[in-house]
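In what follows, a single structure is set out as structure tokens and then discussed.
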Amino acid sequence: MHIAILANPDSWYARDLSRAATDRGHAVEVLPFRMLTAEVATGEAAVWGTGSPLSKSDAVIVRTMPPGSLEQVVFRMNLLAQLEAQGVQVLNPARAVECAVDKYLTTARLMAAGLPVPRTIVCETADAALAAFETLGRDVVVKPLFGSEGRGILRVTDPDLALRVFRTLERIQAVLYLQQFVDHDGSDLRVMVLDGRVLAAMKRRGADGDFRTNVSRSGQAEPVELTDEQRDWALRASAAVGTRVAGVDLLYDRRGRGHVIEVNGVPGWKALFRVTGCDVADEIIRNLETNS
């Protein structure tokens with residue numbers, strides 16, 4: 001197989017996937033999204049990488065979705081969809097990536113699938129956000145609509161700070177995504193799902209009392225055995241978003257009530273590998289072989 005990996009060439013994940021792919025005898029090309037070009041002519045269309053057509057690849061793995069303008073993001077999604085239309089196996093598919101990067105769409109899909117989610121209000125004006133702040137009990141987590149690894153997330157409990165934050169977000173024409181804060185013990189669960197299978201799971205705990213548990217923010221991780229309910233929630237969450245590979249985050253409040261917080265369509269597994277030994281990269285390559 002020829003496998004293209006859309007990632008920063010210096011990424012640990014690109015190296016790990018390349019290692020797993022070459023160990024199994026596959027050719028690998030790593031390139032960032034910005035190097036892709038599209039060509040359309042009468043009767044043909046192609047997506048090109050650095051001198052070779054990705055349309056001829058057997059599989060494309062999406063390992064990054066870098067920030068960009070609306071035009072750039074839409075163009076990237078269209079490129080992935082074009083590759084799928086030409087018979088290239090894309091992991092994750094364009095529609096799944098599009099849903100997973102959008103926190104509102106993900107939360108709405110999770111709710112529609114009957115999964116428990118924190119109460120969430122999404123709006124575009126500071127006045128609407130201030131009303132939502134009151135409705136949600138003056139303790140909210142403000143998140144960027146697009147984002148990962150805990151970046152840009154802020155807990156707000158003070159009305160004056162809330163006003164400044166909401167006015168600032170309104171000025172930069174951001175969508176204001178407010179989620180009722182779930183009072184918890186500082187830990188959550190990350191479940192790695194691949195095509196309807198739970199590969200492994202870990203418990204993450206925020207560093208120095210940080211409510212954000214991301215290991216990329218110095219959180220600590222340990223392996224965990226999931227209950228049947230937790231496995232069910234993770235699989236249903238991944239299916240609701242349409243992801244083939246996903247990192248599903250589960251959070252429990254101090255009364256033991258669970259919530260599905262996020263479905264990451266470009267999940268990391270460096271910490272997961274360290275604490276569980278699960279070779280996610282090898283699992284992904286084997287999965288591509290099975291579905292080729």
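Things to note:
- Taken over the stretch 97-120, the criterion of being in contact (Cβ under 8 Å) with a residue 24 or more places away in the chain, closer than 18 Å to residue 65 by Cβ, among the aliphatic types (A, V, I, L, M) and part of a helix (DSSP H, G or I) is satisfied by 97, 100.
- Selection from the stretch 275-290 of residues that are in contact with a Pro (Cβ under 6 Å, 6 or more places away or on another chain) and among the hydroxyl-bearing types (Ser, Thr, Tyr): 276
- Residue check, residue 201 in contact with a helix residue (DSSP H, G or I) (Cβ under 7 Å, 6 or more places away or on another chain), closer than 24 Å to residue 63 by Cα and modelled with pLDDT of 95 or more: no
- Filtering the stretch 234-257 to residues that are of a type in the set (Gly, Ala, Ser) and in contact (Cβ under 8 Å) with a residue 60 or more places away in the chain leaves 237, 239, 240, 242, 246.
- The number of residues in the stretch 37-54 being in a strand (DSSP E or B) and not charged (D, E, K, R) comes to 9.
- Residue check for residue 153: at pLDDT below 95, within 18 Å of the chain's Cα centre (by Cα) and not assigned by TED's automatic domain parsing to the domain that holds residue 248: yes
The values are calculated or read from the model by the stated rules, or taken from the named source; none is laboratory data. These numbers were taken from a predicted model, which means no experiment stands behind them. Using ideal geometry, Cβ is built from the backbone for each residue, glycine included, and neighbour counts are taken over all protein chains shown.
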